[in-house]
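Heads up, the thing below is written out as structure tokens.
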Amino acid sequence: MTRCLRIFGAYTYRLSRRHSTILLIAGIILVLTTIFHLYAYKQKDHHRAALQVGDFEYRPGSFLKNIQPNESVNFCQFQYGLPKMLKWDTLKIYPSPETGTKGPYRVIYNAIKGTAYANNSKYDAVTYATQATPEFIYHVAEIARFWDGPISLSVFVPNYDLDITMQIMTQLCRCYSGMSKVSLHLFYHKHHPPKIRTEKQILASLTTETPTTTANITIEQILKKKLENYKKLDNKTRPQYIQWVRKNKIERMMKRMSRKNNVVPNLKFNDCSGLENFDIATFRKENRLIYPINVGRNSARNASNTNYFIVSDIEMVPSDGLAQKFLKMVRKLMGDKKRDEGCIFAKTIFVVPLFEVEKGEEIPRDKKTLVRLVAANRASYFHQKVCSHCQRFPGLQSWLLRPSPKVLEPMLIARREYPYHRWEPLYFGTQREPWYSETLSWEGRQDKMTQMLELCLQEYRMVVLDGGFLSHAASPKSMVHHGNTERLNNQKYMNIIGKLKHRYPDRPQCRVMWGC
């Protein structure tokens, strides 16, 4: 036995010396294969665990389930003939705030005028300014549910998207008293002015039957018949047929495009909780228009009547009492006398931490619940998996470890400098801050970067707040962006960077951002 082992060992040694390179490569492949298998197993295991936690799926407006709209009550103050028509002769059209008349976008302010805080002093309220496309409007009900202050909402309404918007707002305004907080503003591209159907057109769309002449004919049967007709052609008639097909195909495409622009979906609501499916065929989606998100942000902010506001995204839900807690904090830091005189903190913004929860979890209302979810890997800071640098704020771990205060209070003062030079926080600010760049689109990404860079160049202080936060429900894993719009956004971004270089030549602390 011992002799056999010695022979085997000697043979193995000679073999390894002779084929050392091959064995080394095989060993590396084996190690890499093992690592990849372990990584795949880990990811698969996490995915399975996530699906086992509860069956809760976030839907905006779900708290209104089984409630029917009150036809005799309207909690919104519609203007300019809305929701039935848009009286152009009674309204004033404004250019977008940043680009002005040179830009292609126009704004109609206060299509719906909020009444809940109309009598409040601008120093005793704080506005939630946000933007949306029609399919996201129902999220405003969740904001109105928890935000103790006015809400300024700008909606992108090219062509018949105004009609869709009015269908949704009519339903919400008859369902929920919190909609009295909401002021609605409309913005659109000047080549696609908003349109709304008359009652006669709506009735016609409901009664018109779809032609059924080919309803029972399958695509396979149609193609088979066309192929048989094509085989019957000879060398003389075939070129004429091909030319005729090409001409007719172009004409059919043109007719289809013209019809597409006029097909307004009639939304059906079972109750006040909204639609079964919010994937609405809007004019913007059907015609692949880019979403000028910063025009919405700027117009919602511009319409605010309070001297402090937060420009947020419509899917962000505030924690309990965030608006009133902020007002109390400002009065405590500034004093009643200065606050009543309209004073503000110069070159200072107040950053609100952003988080998102996993599927199967309800949006937390207080910090204690949020921290428990983070510890259980059921919540994380916003966009951690999509854009890790975008919302990771200075002092994140300290924020999570600090005991939850009963009030809103400053935790630390930061600046948007390395390694947080790509930070895109949401914050309480004033009209003194620079506008968001309206040439950048949502599809092209990094739409808030230039405004945040300019805040750095102007040497703003960023006060990170503790005791309040904004939460987002589970995000889809793939965000809809397009390569062409990303490249276009990047070109515009670099042009803006070049202009900022000339405007602020002596800001060495921000130079690390020039090449980003």
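The values are calculated or read from the model by the stated rules, or taken from the named source; none is laboratory data. Since the model is a prediction, treat every value here as computed from it, not as a measurement. Note: ideal-geometry Cβ built from the backbone for every residue, glycine included; neighbour counts use all protein chains shown. What goes into the accessible areas is simple: the full protein's heavy atoms, side chains included, and nothing from ligands, DNA or RNA. Shrake-Rupley method; radii C 1.70, N 1.55, O 1.52, S 1.80 Å.
Just a few scattered comments:
- Residue-wise HN-Hα couplings along region 491-506, as the Karplus relation 6.51 cos²θ - 1.76 cosθ + 1.60 with θ = phi - 60° gives them from phi, are 4, 5, 4, 5, 5, 5, 4, x, 5, 5, 4, 6, 6, 10, x, 10 Hz; Gly and Pro carry x.
- Computed from backbone phi with θ = phi - 60° and the Karplus coefficients 6.51, -1.76 and 1.60, the 3J(HN,Hα) list for region 383-397 is 6, 4, 8, 9, 8, 4, 8, 5, 10, 7, 8, x, x, 4, 5 Hz; x is used for glycine and proline.
- Note on region 382-440: Cα-Cα pairs beyond 15 Å make up 64% of the total pair count.
- Diffusion coefficient, µm² s⁻¹, Stokes-Einstein with Kirkwood Rh over alpha-carbon pairs of region 375-495 at 4 °C and 1.567 mPa s: 80 µm²/s
- Accessible area of region 315-417 belonging to carbon and sulfur atoms, whole % at 1.4 Å probe: 53 percent
- Straight-distance crosslink candidates among aspartates and glutamates, where the alpha carbon sits under 20 Å from Lys87 and sequence neighbours closer than 8 are dropped: Asp161, Asp163, Glu199
- Packing, taken as the mean count of other beta carbons within 10 Å per residue, orders the peptides 77-86, 404-413, 141-150, 128-137 from highest to lowest as 128-137, 141-150, 77-86, 404-413.
- All lysines inside 16 Å of Lys65 as judged from Cα atoms, apart from same-chain residues fewer than 8 positions distant: Lys268
- Alpha carbon convex hull of region 342-432, projected area averaged over orientations, nm²: 7.3 nm²
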